[in-house]
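Input: a single structure, listed below in structure tokens.
The values are calculated or read from the model by the stated rules, or taken from the named source; none is laboratory data. Keep in mind that this is a model prediction, so the values were computed, not measured. All Cβ positions, glycine included, derive from the backbone under ideal geometry; neighbour counts span all protein chains shown. Calculation scope for accessible area: heavy atoms of the full protein, side chains included, ligands and nucleic acids excluded. Shrake-Rupley method; radii C 1.70, N 1.55, O 1.52, S 1.80 Å.
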Amino acid sequence: MKINEYYRDTANLNLNGSIAALVPAIIIVAGNLFFIKNNEIMILMIPFLIYSLICFQISLFRMRQSLSIDRNLMNSERSFQSLFEARHLLVLFLNTKSSRLLLYFPDGHLAGMIERFYGKGVKKLSHSKIFALYHMDNEAIGYFKVSGRKVIKIDVFDHNRQYLGRFEKRKLDWRTNKKKLLDPKGRYIGAIEGSSTFMDEQIITSNPLPDGRLRRGWMPIEWSPLFPEPNTPVLSLRETLSEQDKLLRMSFIINEYFIER
């Protein structure tokens, strides 16, 4: 999936929402004409018509964006082969019945995606959810097992089901959470610190620079022909990290998108 296909899919979702909003409006009109016969009842259909019109306009806007991006992609060449080769990935959330987190290279091509995993081969607990990270060729290259309530735990496994470590989130009070990363032996690696008012999460370790960062509003202007939304979140991972280390550090975006949101 290229980035233009994402905008095309969101256009279709809004178009479906526009059509769905017309159904109760039609039921109100039909019910009033044949049974109730009270003109005041017709006022009830106004909110549905307004919502349908808004969804339709958003659908047209997204479709225009998709067509514009498609033209720009013709002049774009593939820059990366592997998700772990990229210094930066753009993060888009597709909120459907089966929600997916899509990761894109800056060149507009899909790098991978994260979605709920229902397959066999990973031991499930009754209170656990498992998410899988898929490469652009739909091969699972990592797993994230979410468990706990008071203390959220995200255990990370590679494609061979080897345990890589854990993300933990402990609630200190109604506004404050303590987030940290642990290695396979339970030893402390670093903390995840961020802003409570806007998206800017950083992985702070003993290194002078963050191991990883997820922030909104930082996207370079040269990416805008392919990513027209300037607030598209950007995930950055330190280039010197191994693939296993990058996979472990990506666990904090599972918390960001599938737990906190």
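Over the chain, what number does the Rg to Rh ratio reach, with both radii from the alpha-carbon atoms and Rh per Kirkwood? The partial results should precede the final answer.
Numbers: Rg = 21.9 Å, Rh = 20.6 Å.
Rg/Rh for the chain comes to 1.06.
Kindly report the accessible area of the chain per residue (heavy atoms of protein chains, probe 1.4 Å, no ligands, DNA or RNA), in Å². Intermediate results must be reported in sequence, preceding the final value.
Details: 14740 Å² over 261 residues.
Per-residue accessible area for the chain comes out at 56 Å².
Relative to the longest principal Cα axis of the chain, at what angle does helix 3-31 sit, 0 to 90 degrees, rounded to 10?
Roughly 40 degrees between the two axes.
Compute the distance from the alpha-carbon center of the stretch 3-80 to that of the stretch 190-261, in whole Å.
32
List the aspartates and glutamates whose alpha-carbon lies under 12 Å from that of Lys129, not counting same-chain residues fewer than 8 positions away?
By straight Cα distance, Lys129 reaches Glu115, Asp155.
Determine, at each q value in 0.21 (inverse angstroms), the log₁₀ of I(q)/I(0) that the Debye formula gives when each Cα of the stretch 84-211 is one equal point scatterer.
So the normalised log intensities are -1.57.
Helix 46-73 sits at what angle to the longest principal axis of the chain, using alpha carbons and giving 0 to 90 degrees rounded to 10?
Rounded to the nearest ten degrees, it is 50.
Ignoring everything except DSSP H segments at least 4 long, calculate the 222 nm mean residue ellipticity for the chain; use -39,500 (n - 2.57) per segment, divide by total residues, nearest 500.
Details: 4 runs with 68 residues, N = 261.
Value at 222 nm, helices only: -8500 deg cm²/dmol.
Determine ³J(HN,Hα), in whole Hz, for all residues of the stretch 86-91 in sequence, where each value follows from phi through the Karplus function 6.51 cos²θ - 1.76 cosθ + 1.60 and θ = phi - 60°; x replaces Gly and Pro.
Karplus values, whole Hz, x for Gly and Pro: 7, 6, 10, 10, 9, 10.
Ranked highest first by the average count of other Cβ atoms within 10 Å around their residues, in what order do 3-12, 200-209 fall? Please report the intermediate quantities before stating the final value.
On the way: 3-12: 19.8, 200-209: 15.3.
The packing order, highest mean first, is 3-12, 200-209.
Could you work out what % of the accessible surface of the stretch 40-179 is carbon and sulfur, using a 1.4 angstrom probe and leaving DNA, RNA and ligands out of the count?
Working: 4500 of 8300 Å².
Within the stretch 40-179, the accessible surface is 54 percent carbon and sulfur.
Using +1 at the C-beta of Lys and Arg and -1 at the C-beta of Asp and Glu, which of Asn231, Ile192, Val151 has the Cα lying farthest in the positive direction of the dipole of the stretch 143-234?
Value: Val151.
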